[in-house]
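Here the structure is laid out as structure tokens; the discussion comes afterwards.
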Amino acid sequence: MRLSRPLVNKAEARPGPGRKKSVSWVLTALTLGFIFLAAAATGGPELSEYGNPFTWVRVGQARVKAEVVTTPEKIFRGLGYRSQLPAGQGMLFLMPEVATQVFCMRGMEFAIDILWLVPGRVVGLEKNVSPQFAGDLTSPEPVNYVLEVPAGFCDQHGVKVGDQVSW
């Protein structure tokens, strides 16, 4: 899954007071700081074979070992061009700002579930998205986190909009 393009209307594109943007950056920085602090306490971060740190994400009652991606290049590539995503694993995208996010399936070789997240809860789901899906997948509202997991995860664990999320 790769980021396609952000949806921005002309009013959103104009610079404003920057409050939402600065709050988003603070939340992202705190999240990254927490991940690295926790990793340092255990002898260093566990990294995926792609060099991304792992963190545990709880969605409702389920837990996922998720790779964390934050740079534009890693967000753009996402899970594309990988042959699989093992059960119990996922990818957590820490987006640079709260915005309507648009993802696509270019380069994907397996189906996934997508969870659109805001701090503390699930606000939208895309279930069993085929790697052949050629359209855009758009968050139902502005979000700053996206979690991708193997297809069927949401149904298997009863994940629904409104569920609590933490990491």
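Readers should treat all values here as calculations from the given coordinates under stated rules, not as data from a laboratory. These numbers come from a predicted model, not from an experiment. Please note: Cβ atoms are built from the backbone with ideal geometry, for glycine as well, and neighbour counts cover all protein chains shown.
Here are some notes:
- Gained length - residue 156 relative to residue 133, 0.36 nm times residue gap less alpha-carbon distance: 6.1 nm
- Between the residues 116, 99, 89, the greatest Cα displacement towards the positive end of the dipole of the range 73-148, with unit charges on the Cβ of Lys, Arg, Asp and Glu, is found for 89.
- Long-range amide H partners of residue 125 with built H, under 5 Å: 116
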